[in-house]
Amino acid sequence: MHDTKQQWFKDAKFGLFIHFGLYSQLAGEYEGETTPSIAEWIMNTLDIPKTEYRKLAREFNPTDFDADWIAEKAKSWGMKYLVFTSKHHEGFAMYDSKCSDYTSVKASPCHRDFVAELQEACKKNGLKFGVYYSQAQDWDDPDGYMARHDNSHKTYRNYLEGKCFPQLKELLTQYPDISLLWFDTPMGTTAEESKEMIDLVKSINPNVIVSGRVGNGLGDYMTTGDNFIPADPFPGDWEVPATLNDTWGFKKSDDNWKNPDKILQLLLKINSRGGNYLLNIGPDGTGKIPEESIRILDEVGGYVHRNADAVFATRSLPKYPYEVDWCVFTGKPHKFFIHVLSPKTVLEVININMTVKKAYILEDGTEVRVDLETTCEGPHMITVFLPEKYKNAKNYCVCFEIEEETPEFEAIRM
Ligand code: FHN
């Protein structure tokens, strides 16, 4: 079972992922062609020659990228940590790397260190700060892997020693607030090499958490597949990286935005099963966050903020035996929460047994009357009589303070 040994990660439950790089300028299009895939993969998918792709660095000047504003927003959305792409598969460092010239500080007119800016902004806003680092794929380096291409002659060892390890070292020493290293796509990385990366990270700062994508089942926590959530409660520490539309990097043509209600439901399901939700934004080439991302996150974040006690520091609940579509449960010791996501006039939940000391609407403290009885068929049932204001309302939460550490969900017997 994965254990980060870091209370902040176990409690966080909600984080912000940021995919920002040279690809953001292309917005998913190159020479009149739209990539059929995710936008940050455009160099690989459309086979853009390295010399051409590198020209993007010369124009990179994202004057609208405002680290403070982003961190303030993330805080207002109830998020507790932020993970930023310090170097994605394209190979371009978004910070002041001394061991490469291909960086936002040296190769671009902006001369900006985005890792430093975000580190500072996270500190100001009380957010934990993590960086994404692509440890195997590097499409700019001849020794780095390039998925969907012939990698048979790769000398990955050269890449590890020449770029990956030195950059990891400088990230961890130049930016002492880094609390999480988000590795990705290990490809041919062996178990020994994954271990070497972990040892390197921990030798500089033993408290830095290493993501599961370091490869070979290693790392401090389990990372699910992108946008995949475990169907059942899952033990240990884990996280779901996820998108708001279908891409990570900014893609002009991608309007397939998820509904805020859907995002909220996913967040609560993930929390209920024991995980964290790391939700992505992809600023455009000027550094501006897509309006729709802000709209969705403002709505979801509003709920999270009003109901922070039912999200932050919640713990995995046992598996509830029935499929219910109108609510999601979360819990923490001696508290049980019903998040009501579809309108109801009265709440009834069966096969649940607990001793309620107090029950109230979480966002305003209005006490609610609760009946606990057994149904004619045998299982326990809890009925919540709603105040007028909440009858036929959606997206509110009922908090139960209970005697037991956690409610008992009874098995289906009839
Ligand atoms: O290839 C990357 C992709 O671009 C993106 O960064 C996601 C985020 O989880 N990870 C990889 C695909 O799983």
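Structure summary
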quantity	calculated
Unmet criterion (only one of (1) over 30 Å from residue 170 (Cα atoms); (2) in contact (Cβ under 8 Å) with a residue 60 or more places away in the chain; (3) buried (at least 22 other Cβ atoms within 10 Å of the Cβ)) for residue 253	(3)
Residue match in the range 69-87 (condition: on the phi > 0 side of the Ramachandran plot, in the same structural domain as residue 44 (by TED's automatic domain parsing) and buried (at least 19 other Cβ atoms within 10 Å of the Cβ))	yes
Index of the failed condition, residue 73 passing every other in (1) in contact with a helix residue (DSSP H, G or I) (Cβ under 8 Å, 6 or more places away or on another chain); (2) closer than 30 Å to residue 222 by Cβ; (3) within 16 Å of the ligand (Cβ to nearest atom); (4) assigned to a helix (DSSP H, G or I)	(3)
Qualifying residue in the range 387-395 (condition: in contact (Cβ under 8 Å) with a residue 60 or more places away in the chain, open to solvent by less than 80 Å² (accessible area, probe 1.4 Å) and in the same structural domain as residue 336 (by TED's automatic domain parsing))	yes
Residue, farthest from the ligand (Cβ to nearest atom), within the range 120-133, restricted to residues that are part of a helix (DSSP H, G or I) and surrounded by fewer than 23 Cβ atoms within 10 Å (Cβ to Cβ)	124
Qualifying positions in the range 30-70 - among the β-branched types (Val, Ile, Thr) and in a helix (DSSP H, G or I)	42, 45, 51, 70
Flag if residue 178 is assigned by TED's automatic domain parsing to the domain that holds residue 241, touching a residue at least 24 places away in the same chain (Cβ under 8 Å) and of a type in the set (A, V, I, L, M)	yes
Filter result (in contact (Cβ under 8 Å) with a residue 12 or more places away in the chain and either open to solvent by 20 Å² or more (accessible area, probe 1.4 Å) or under 15 Å from residue 245 (Cα atoms) (or both)) within the range 286-298	286, 288, 289, 290, 292, 293, 294, 295, 296, 297, 298
Criterion (in contact with a Pro (Cβ under 6 Å, 6 or more places away or on another chain), surrounded by fewer than 19 Cβ atoms within 10 Å (Cβ to Cβ) and assigned to a loop (DSSP other than H, G, I, E, B)) met by exactly one of 99, 110	99
Condition met for residue 136 (within 16 Å of the ligand (Cβ to nearest atom) and among the hydrophobic types (A, V, I, L, M, F, W, C))	yes
Residue 29 vs. criteria open to solvent by 30 Å² or more (accessible area, probe 1.4 Å), in contact with a Gly (Cβ under 9 Å, 6 or more places away or on another chain), away from the ligand (no atom under 15 Å from the Cβ) and more than 25 Å from residue 312 (Cβ to Cβ)	no
Residue within the range 207-219 that is within 14 Å of the ligand (Cβ to nearest atom), open to solvent by less than 10 Å² (accessible area, probe 1.4 Å), in contact with a helix residue (DSSP H, G or I) (Cβ under 6 Å, 6 or more places away or on another chain) and not polar (S, T, N, Q) present	yes
Looking only at the range 139-176, and only at residues there that are of a type in the set (Asp, Glu) and open to solvent by 50 Å² or more (accessible area, probe 1.4 Å), the one that is farthest from the ligand (Cβ to nearest atom)	161
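Every residue, every condition in (1) β-branched (Val, Ile, Thr); (2) within 22 Å of residue 264 (Cα to Cα); (3) in contact (Cβ under 8 Å) with a residue 60 or more places away in the chain, yes or no:
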site	(1), (2), (3)
345	yes, yes, no
348	no, yes, no
353	no, no, no
358	no, no, no
369	no, no, no
378	no, no, no
381	no, no, no
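To keep it simple, each residue is scored yes or no on (1) closer than 15 Å to residue 272 by Cα; (2) open to solvent by 10 Å² or more (accessible area, probe 1.4 Å).
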position	(1), (2)
300	no, no
312	yes, yes
319	yes, yes
325	yes, yes
348	no, yes
357	no, yes
370	no, yes
374	no, yes
401	no, yes
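The values are calculated or read from the model by the stated rules, or taken from the named source; none is laboratory data. This is a predicted model, so every value here is computed, not measured. Cβ sites come from the backbone with ideal geometry, for glycine too, and all protein chains shown count toward neighbours. For accessibility, only protein heavy atoms count, side chains too; no ligands or nucleic acids. Shrake-Rupley method; radii C 1.70, N 1.55, O 1.52, S 1.80 Å.
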